[in-house]
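Below is one structure, written out as structure tokens, with a few remarks after it.
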Amino acid sequence: MAPVPDPNNVGGGAKRDEATTKVASKDPKKKDDKKEDDLSEEDLELKQNLELYVERVQDPNPELQKAALESMRQEIRASTSSMTSVPKPLKFLRPHYGTLKELHKNMADSDLKKLLADILSVLALTMSAEGERESLGYRLTGSGGDIGSWGHEYVRNLAGEIAEEYTMRQSEEASVEDLMDLVKQIVAFHMKHNAETEAVDLLMDVEDLDLLLAHVDRTNFRRTCNYLTSSAKFLPGPDDMLVLDIAYMIYMKFEEYPNALQVALFLDNMQYVKQVFTSCSDLLRKKQFCYMISRHGITVELDSEMVADKDDRDMLQDIVNNTKLSEGYLTLARDIEVMEAKTPEDIYKAHLLDGRASSGPSVDSARQNLAATFVNAFVNAGFGQDKLMTVPSDAASGTAGNWLFKNKEHGKTSAAASLGMILLWDVDAGLTQLDKYFHSTDNPVLAGALLGVGINNCGIKSDCDPALALLGEYIDNEDSSVRIGAIMGLGIAYAGSQNDQLRSSLSPILNDAKAPLDVIAFAALSLGMIYVGSCNEEVAQSIIFALMDRSEAQLGDALTRFLPLGLGLLYLGKQQESVEATAEVSKTFNEKIRKYCDMTLLSCAYAGTGNVLKVQDLLAQCGEHLEKGDIHQGPAVLGIAMVAMSEELGLDMAIRSLERVLQYGEQNIRRAVPLALGLLCISNPKVNVMDTLSRLSHDTDSEVAMAAIISLGLIGAGTNNARIAGMLRNLSSYYYKDASLLFCVRIAQGFVHMGKGLLTLSPFHSERLLLSPTALAGIVTLLHACLDMKSIILGKYHYVLYFIVLAMQPRMMLTVDENLKPISVPVRVGQAVDVVGQAGRPKTITGFQTHSTPVLLAAGERAELATDKYIPLSPILEGFIILKENPDYREE
Amino acid sequence: MGKKYENVFELLIETTVYKKKPGRNRHDPTQRFVNPAPSKRKEPLTYDISRRPSNSVEEEPKRNKNKLVSLPSLQAIKQEASQFKMLTVSVKWQKKVFEGIEIDVSLPPYVFKAQLYDLTGVPPERQKIMVKGGLLKDDADWSSIGVKDGQKLMMMGTADEIVKAPEKAIVFAEDLPEEEQATNLNKLPRLVAVLQYTSRHTLSVCSGYSAGLVNLGNTCYMNSTVQCLKSVPELKSALSNYSLAGRSNDVDQTSHMLTVATRELFGDLDRSVNAVSPTQFWMVLRKKFPQFSQLQNGMHMQQDAEECWTQLLYTLSQSLKAPTSSEDSDAVKALFGVNLRSRVHCQESGEESSETESVYSLKCHISHEVNHLHEGLKHGLKGELEKTSPALGRTAVYLKESLIDSLPRYLTVQFVRFFWKRETNQKAKILRKVDYPLELDIYDLCSEELRKKLEAPRQKLRDEEGKKLGLQTKSSSKDGDVKMTDAEAPSNESGESSTAAQQEGTVSKTPFTWMIVCASSSEKGTHMTGIYDLVSVLTHKGRSADSGHYVAWVKQESGKWIQYDDSYPSVQREEDITKLSGGGDWHMAYIIMYKARFVSM
């Protein structure tokens, strides 16, 4: 780099040397000769000294030998500080490596031999041939002094060799004791010197992460855990669980409870969750934990061990039960000033289309009204008011009761249920408003009211169990639409609750020979939701029996797909061990459903794990060109998305593989690809995916187009994304003559403006670490229904669209004070930066803007407090955050 | 309903809360239901029970009878219960929580519901109380329910009216046979209501407007003309009477055929859902007016819509003359004809003469000063002409000033946008923006006499509008002139009758002769006001009359605007209609038609 040769600096040359260390070592002499002339006086002296030492070492006099070795060590140590170049002493000693090795071999055991071994170990750093692991070998025979004294490069090299040696010894089943001593030293050294990632890597290689616990301290545990949790995503099971276990223990050790809880939730380990509560004594922090649990959407019963005081427990349980969610959401809505109810027309924005598109002559009225019902429900979800359903009935036009009747037959079910969605999370108001439909003599209306109660109670638990009390008695109603309403309502309201009472009342339906297929299908689905990810064997049994009882004809029905899906949901994200038995049983099914069941089970079991091998399996399934009639490739394509959706890299790879599948796949695969893309980028409108879907939305195959349109809605769900909104508007004019496609466009428009842009459908939360099982279950169910759009969503089961409510969550950050009252503080919101493995305290967000809370967080955004006045009780600023006043804060 | 129940419960309350310990707080409503201490109870209760049956049978509504009759047995339970157990619970209802409600577990839950009825006003049979594992049944046993002291119960229920389906089932567009979808809906009042509701929300149950016309190859000029003229219901009914009236002798064969074809086409348009192909009409039109058959590169040429409009109207006016052939019975003339009185004045000689003429449309001349329709109309009514002056014995320049002498029901205005450019030998188009209003007042274009006639109806109209806006029109009473009586007449009635008259005018079955009378005179009580509402616009897009595209924009009876772009009708907003005033390459108004606003006196 420096054109003028500087006598004191041979850095340039040395650097090059380092780069080619191993190659150069084969022919060191030649190179050295060449350079001889360039050496400065100092270097020349060093070189001569070293040569002298080497000679003396060979001297028979042990005294002289020792002195020489000591001096040699001195020289080496004095110069190992630089990391960027091969230290000169090493360079100059290179020609003598062979001599020294020979000497060492012939030496009798003594301290001197150990000393020489130490030096050889260091020299081997640059000299040893690949795979020889000489450095390690000499180290083990050496004196075993302070490992750090030889410098980082040496330690790092050693660590690498240990890993190799370890795997070799493992295969030979040899002892690794001596290695472990070394590992301990290395780990201690790394942890002290900001190289946590290397320490973790080494420990993972030698499969002894427990060692980490002893070495973490206040200064480095955060970085360590960060690395552990993010590397867990790339590890095969069960290693990932082990890694997270360690992370949990470290967090607990340093009383970093929110993070510990996060990990505990990820592991789905209730024992750990409980431990977090019992270890922490601060009530306020416990409140924060409760908010975190409630966001994850699992059922946790606090007991007296977790919270001693009864009143406190009740209050905390209230938070876990999400009873305050509606309030917080409305606070956000008021702050952002979007309380004003929106009509479907405000969403369609037909006036922005020129000319004819707004309403052609071939409009399908009941279909369009139904679409409007859904759009209205999605857009005004949770706001408690709208302009179709909640208008006071004494209004002059009398539209309130009437909108319901502007829907036809089963459409009324969706219309009545939409009230539940509008009043989402507000159980008191919701039940009050739905009450009037309970007295209806019109069965579809009653079914809708039941479903509405379920939707209304989604994610909210209450001691009184209003949903169970109200819906329970309709499970065995003679009208099957009412039955389905009650069953589906229960499934939504109690998703993830593992409620035994429900199992005992729903399971018999599955094996009731007289029950119609649709009732059985929805019962299976609801059981799957209620026991999502629980691996409950009894439920699995019931569903398996129900599947075996189906006749050939019934197996061909579109709704039958909900049976395997319900089965799959039981194992959602639980991986191989748990699903194995069921997968084995599924091999005995009728061949019509066997493969479908296989694919569904596989994809559900590995959902959110990012397991590359499973993605490959599923891709292989898609590569087959089937004769006809088989429908299992649809769930296989969805499976790719389900497995790969957990982390960014896998996600991008999956998107690219899906493009391939799209090009070469058969028609039935092409139909599922848009849905898979929608799942991968749910509520995260990536431009490339948007473009792909936009292209597919004009596909000649109307099923592909429909799926693409729905997916456009899914990727933009709750974002108000103007680009997608524009695309959909144009599609509405493009398809104004095709009622079915137009219906899909309307639904997608409803998705995009879901909750007026305050909601997200992403099942991931807490900085994309945690995957809410119920949310994923809701989305997956909808997507499976979309695999046969014509007979389910465009048929009379359009209310399966309401399953999406399970995934609906406010994408907000709301700060509350110690009394849980909302307070407004300045926060910076920006694009999240991946800081894993970075040294120091890097910035976690970039391109930020400062807002005051409550704020909306878009996909991939992160918030941080912009004031020191308060301390947040959770490091993950999402959802509800309790702020504590900073005692050290001083007003300036 | 609520009232009746109240009595029953009052009664219940009386029985259960017979005697209170003195000093008990009466203000707390929940306390009122507390049962008296057992020791004190026996005597008054028996008394009470003996009294109750006679009372209750008289008062209670039938369906509750059995429940109350069962009360004596309840009494037995009560007395049986040696140790009394009271539970205090809180009940959550809607957003309210009722604290400290006491339950007497020896009484069936129905009594508890009665307590809640008093607190919430929700009748017991509408109450749903959630307890563990289900709803609280009226006759359940408290001990088996397992309600604990201090437990929070939740109640659901409202006293709201139960939603009932509308008495008349709503018919959806899907339910109708396809052919009827467009036409039938207009005839059913209920459906019109649905339609109007949905049209406001652009959901448009079904179109509610007639079909489009297929372009047969550069026939958009004809299609748009037909669509505009079709929007005149009087013309439609006149045509429907045509066959009855028979063919008068002075109408030639082709005119007759064209008239019949027009009638058929209008009928087809009303009946069909899909675009109609006007093949027959076009053939007849070309036969009658061979200039429309001009070919260019083997294709029929684009023609001037104004020419088509004028020719068609002229033909119709000829054929629709009643056989009596009096001037008044010319239907077309009655609908569209404008009588102009012109004063021709020669400045050189000072000669003056006046003449009258009847035209079917007013011309809006466009010059540099013209920015607005009104200015253009004025411009068009003034003209210079050269003619031989008898006084001077040579040709002299005469000034001609015309004023409107009688108003048509439908006022047609043609924007003179096309002119022959001598230097380039082509028809050029003036792109200048000329605004036109949705509501046109042509009072100042009228002759003195006509103005006088219009005076009173206009005042009336102003009064009505003022009332509509909620302003008390003091002017009329202040004026104190002849109109006094009108102003004092109950405004509601006159308003109704005027709208009724207007509606009647649009009813398609009305014989056309009636309208002629209505249009030409004021005997019937409706008067012209000189105020016109825009009903249709024929626009041209393009740079010359022989090219470009013609489109019709027609206002429906429902008040919404439909754009008829050949076979595609589509809904438009009223704001967009006024944007067709030119000044760019967008559609610009070429012929516009206004409908007179009437007022009844």
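Residues are listed down the side, and each one gets a yes or a no for (1) more than 13 Å from chain A (Cβ to nearest Cβ); (2) within 51 Å of the chain's Cα centre (by Cα); (3) crowded, with 18+ Cβ neighbours inside 10 Å:
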residue: B:110; (1), (2), (3): yes, no, yes
residue: B:122; (1), (2), (3): no, yes, yes
residue: B:125; (1), (2), (3): no, yes, no
residue: B:131; (1), (2), (3): no, no, yes
residue: B:152; (1), (2), (3): no, no, no
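Scan segment A:761-778 for residues that are more than 13 Å from residue A:265 (Cα to Cα), crowded, with 24+ Cβ neighbours inside 10 Å and of a type outside the set (Gly, Ala, Ser) and the total you get is 4. Considering only segment A:787-821, state which residues are surrounded by fewer than 20 Cβ atoms within 10 Å (Cβ to Cβ) and closer than 30 Å to residue A:312 by Cα. Across segment A:787-821, the qualifying residues are A:817, A:818, A:819, A:820, A:821. Can you name the residue in segment B:100-144 that is without any contact (Cβ under 8 Å) to a residue 60 or more places away in the chain and assigned to a strand (DSSP E or B) and is also farthest from residue A:500 (Cα to Cα) among such residues? Only one residue fits best here, namely B:103. For residues in segment A:274-297 being aliphatic (A, V, I, L, M) and crowded, with 22+ Cβ neighbours inside 10 Å, which is farthest from residue A:316 (Cα to Cα)? Looking at the filtered set, the residue picked out is A:276.
All conditions in (1) at pLDDT 75 or above; (2) acidic (Asp, Glu); (3) farther than 30 Å from residue B:370 by Cβ hold for residue B:523, with the sole exception of (1). If you check residue A:260 against the conditions, is it of a type in the set (Gly, Ala, Ser), within 17 Å of residue A:876 (Cα to Cα), touching a residue at least 12 places away in the same chain (Cβ under 8 Å) and assigned to a helix (DSSP H, G or I)? It is true that residue A:260 is of a type in the set (Gly, Ala, Ser), within 17 Å of residue A:876 (Cα to Cα), touching a residue at least 12 places away in the same chain (Cβ under 8 Å) and assigned to a helix (DSSP H, G or I). Scoring residue B:505 on the criteria (1) closer than 30 Å to residue B:565 by Cβ; (2) surrounded by 14 or more Cβ atoms within 10 Å (Cβ to Cβ); (3) at pLDDT 50 or above leaves a single failure, condition (3).
Taking segment A:416-446 as the range and being in contact with a Lys or Arg (Cβ under 8 Å, 6 or more places away or on another chain) and either within 20 Å of residue A:794 (Cβ to Cβ) or basic (Lys, Arg) (or both) as the test, only A:444 passes. Before we move on, is residue B:127 touching a Gly at 6+ places or on another chain (Cβ under 8 Å) and at pLDDT 75 or above? Against the criterion (touching a Gly at 6+ places or on another chain (Cβ under 8 Å) and at pLDDT 75 or above), residue B:127 qualifies. Looking at the structure I just gave you, is residue A:126 of a type outside the set (A, V, I, L, M, F, W, C), assigned to a helix (DSSP H, G or I), out of contact with any His (no Cβ under 8 Å at 6 or more places or on another chain) and buried (at least 23 other Cβ atoms within 10 Å of the Cβ)? Yes. Being surrounded by fewer than 17 Cβ atoms within 10 Å (Cβ to Cβ) and under 23 Å from the mean Cα position of the chain (by Cα) is a property that does not hold for residue A:253.
The residues of segment B:379-418 that are among the charged types (D, E, K, R) and closer than 26 Å to residue B:331 by Cβ, listed by number, are B:405, B:409.
For every residue, the table says whether it meets (1) within 38 Å of the chain's Cα centre (by Cα); (2) surrounded by 24 or more Cβ atoms within 10 Å (Cβ to Cβ); (3) more than 9 Å from chain B (Cβ to nearest Cβ); (4) touching a residue at least 12 places away in the same chain (Cβ under 8 Å).
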{"position": "A:405", "(1), (2), (3), (4)": "no, no, no, no"}
{"position": "A:408", "(1), (2), (3), (4)": "no, no, no, yes"}
{"position": "A:421", "(1), (2), (3), (4)": "yes, yes, yes, yes"}
{"position": "A:424", "(1), (2), (3), (4)": "yes, yes, yes, yes"}
{"position": "A:429", "(1), (2), (3), (4)": "yes, no, no, yes"}
{"position": "A:443", "(1), (2), (3), (4)": "no, no, yes, yes"}
{"position": "A:447", "(1), (2), (3), (4)": "yes, yes, yes, yes"}
{"position": "A:451", "(1), (2), (3), (4)": "yes, yes, yes, yes"}
{"position": "A:455", "(1), (2), (3), (4)": "yes, yes, yes, yes"}
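Considering (1) within 25 Å of the chain's Cα centre (by Cα); (2) in a helix (DSSP H, G or I), the lone condition that residue A:594 does not fulfil carries the number (1). Of note, residue A:117 does not satisfy the criterion of being assigned by the TED database to the domain that holds residue A:177, farther than 22 Å from residue A:181 by Cα and either among the small types (Gly, Ala, Ser) or in contact with a Pro (Cβ under 9 Å, 6 or more places away or on another chain) (or both). Mind listing whichever residues of segment A:546-563 are closer than 18 Å to residue A:595 by Cβ and outside any helix (DSSP H, G or I)? Hits for segment A:546-563 are A:550, A:556, A:557. Under the condition of being touching a helix residue (DSSP H, G or I) at 6+ places or on another chain (Cβ under 6 Å) and surrounded by 20 or more Cβ atoms within 10 Å (Cβ to Cβ), the residues counted in segment A:690-702 number 3. So for segment A:498-509 (the condition being of a type in the set (Val, Ile, Thr) and either under 28 Å from residue A:294 (Cβ atoms) or touching a Lys or Arg at 6+ places or on another chain (Cβ under 6 Å) (or both)), does at least one residue qualify? Checked against the condition, which is being of a type in the set (Val, Ile, Thr) and either under 28 Å from residue A:294 (Cβ atoms) or touching a Lys or Arg at 6+ places or on another chain (Cβ under 6 Å) (or both), segment A:498-509 yields no hits at all. Among the residues of segment A:195-236, those that are assigned to a loop (DSSP other than H, G, I, E, B) and surrounded by 15 or more Cβ atoms within 10 Å (Cβ to Cβ) comprise A:195, A:206, A:208, A:209, A:216, A:220, A:233, A:235. A count restricted to segment A:765-817 and to residues that are assigned to a helix (DSSP H, G or I) and either aromatic (Phe, Trp, Tyr) or within 24 Å of the chain's Cα centre (by Cα) (or both) stands at 22. Does residue A:682 satisfy the criteria of being within 20 Å of residue A:715 (Cβ to Cβ) and outside any helix (DSSP H, G or I)? In short, yes.
Looking for something outside the structural domain of residue A:784 (by the TED database) and buried (at least 24 other Cβ atoms within 10 Å of the Cβ) - is there at least one such residue anywhere in segment A:547-555? Yes, segment A:547-555 has at least one match.
Those helices (runs of 4 or more DSSP H) of segment A:282-336 in which at least 2 residues are touching a residue at least 24 places away in the same chain (Cβ under 8 Å) and β-branched (Val, Ile, Thr), considering only elements entirely within it, cover A:310-320, A:325-336. Scanning segment B:274-316 for residues that are of a type in the set (S, T, N, Q) and within 25 Å of residue B:592 (Cβ to Cβ) turns up B:291, B:302, B:303, B:310, B:311, B:315. Tally up the residues in segment A:564-583 that are surrounded by 23 or more Cβ atoms within 10 Å (Cβ to Cβ), assigned to a helix (DSSP H, G or I) and of a type in the set (A, V, I, L, M), please. Counting residues in segment A:564-583 that are surrounded by 23 or more Cβ atoms within 10 Å (Cβ to Cβ), assigned to a helix (DSSP H, G or I) and of a type in the set (A, V, I, L, M) gives 5.
Has segment A:649-669 got at least one residue that is under 24 Å from the mean Cα position of the chain (by Cα), polar (S, T, N, Q) and surrounded by fewer than 21 Cβ atoms within 10 Å (Cβ to Cβ)? Yes; the residues of segment A:649-669 include at least one that is under 24 Å from the mean Cα position of the chain (by Cα), polar (S, T, N, Q) and surrounded by fewer than 21 Cβ atoms within 10 Å (Cβ to Cβ).
For segment A:474-487, the condition of being within 16 Å of residue A:567 (Cβ to Cβ), surrounded by 18 or more Cβ atoms within 10 Å (Cβ to Cβ) and in contact with a helix residue (DSSP H, G or I) (Cβ under 6 Å, 6 or more places away or on another chain) holds for none of the residues.
The values are calculated or read from the model by the stated rules, or taken from the named source; none is laboratory data. Computed from a predicted model, the values in this text were never measured in an experiment. Ideal geometry is used to build each Cβ from the backbone, glycine not excepted, and the neighbour counts take in all protein chains shown.
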